[in-house]
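Engineer: Before I ask anything, let me first share the structure, which is written out below as structure tokens.
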Amino acid sequence: MFSFPVMAEGFILGASLIIAIGAQNAFILQQGLRKQHVLPLVAFCALADALLILLGVYGLGILINQSPLFVSIMLWAGVVFLTAYGLLAFKRALKGAEALKANASPSISLKRGLALVAGFTLLNPHVYLDTVVLLGTLSLKHPADLRLQFAGGAMLASFCWFFALGYGARLLAPVFATPKAWRILDALIGCTMWLLAAKLAFS
């Protein structure tokens, strides 16, 4: 039986966890501005979230919550990854290369773009804590036959957000028509990556 309130609850909770300034969102915004591999990248993010939400709703959240070693390993892997990418962003900001213009030819391959977004997604322990543990736990208050609708609402929020972020970024393209604007964006991305890395390291 369909329950709109349950699905809406999943959508609102999912959106509240996904819509935040983070490494993954910053990267999707950057690629959206460059118009580089937007569809496969946003699709990867949305599908990865959908898979993690389903795993959480159907029980894996309990397993991960009982494995502090797994969380610790993912935490420090995320610290290293975010620190390294932040350093690359600062180097681009200092260099101010013409290749950073929105209308330039693609500066990264699809393979590298997917590898980067996979790192931002899967090496972030908060992704597992939010989508798998938190949403998985919250779904338990609903009857078993309604949990899939709760998960569906959360997954819909993820798809809406990533596609809006990736394709909506093009509306900002005129603002980023100069190398200076890209240097500022890269500097902000670098700061975001390092702040997130510090937050993970000292959490």
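Engineer: When only C-alpha pairs under 8 Å and at least 6 residues apart count, what is the relative contact order of the chain, in percent?
Structural biologist: The normalised contact order for the chain reaches 48 percent.
Engineer: How far apart, in nanometres, would the label points at Leu51 and Asp145 be if each is projected 7 angstrom from Cα along the Cα-to-Cβ direction?
Structural biologist: 3.1
Engineer: Sort Trp182, Trp76, Trp194 so the one with the fewest other Cβ atoms within 10 Å of its own Cβ comes first.
Structural biologist: Fewest to most other Cβ atoms nearby, the residues stand as Trp76, Trp194, Trp182.
Engineer: Something else: If neighbour count is taken as other Cβ atoms inside 10 Å, put Ile28, Ile53, Ile184 in order from fewest to most.
Structural biologist: Least to most surrounded, the residues fall as Ile184, Ile28, Ile53.
Engineer: Near Leu138, within a Cβ-to-Cβ distance under 12 Å, what is the net charge of the other residues, with Lys and Arg +1 and Asp and Glu -1?
Structural biologist: Result for the neighbourhood of Leu138: 0.
Read the figures in this text as sums done on the coordinates, not as results from a lab. Computed from a predicted structure; not experimentally measured. Virtual Cβ from ideal backbone geometry, glycine too; neighbours counted across all protein chains shown.
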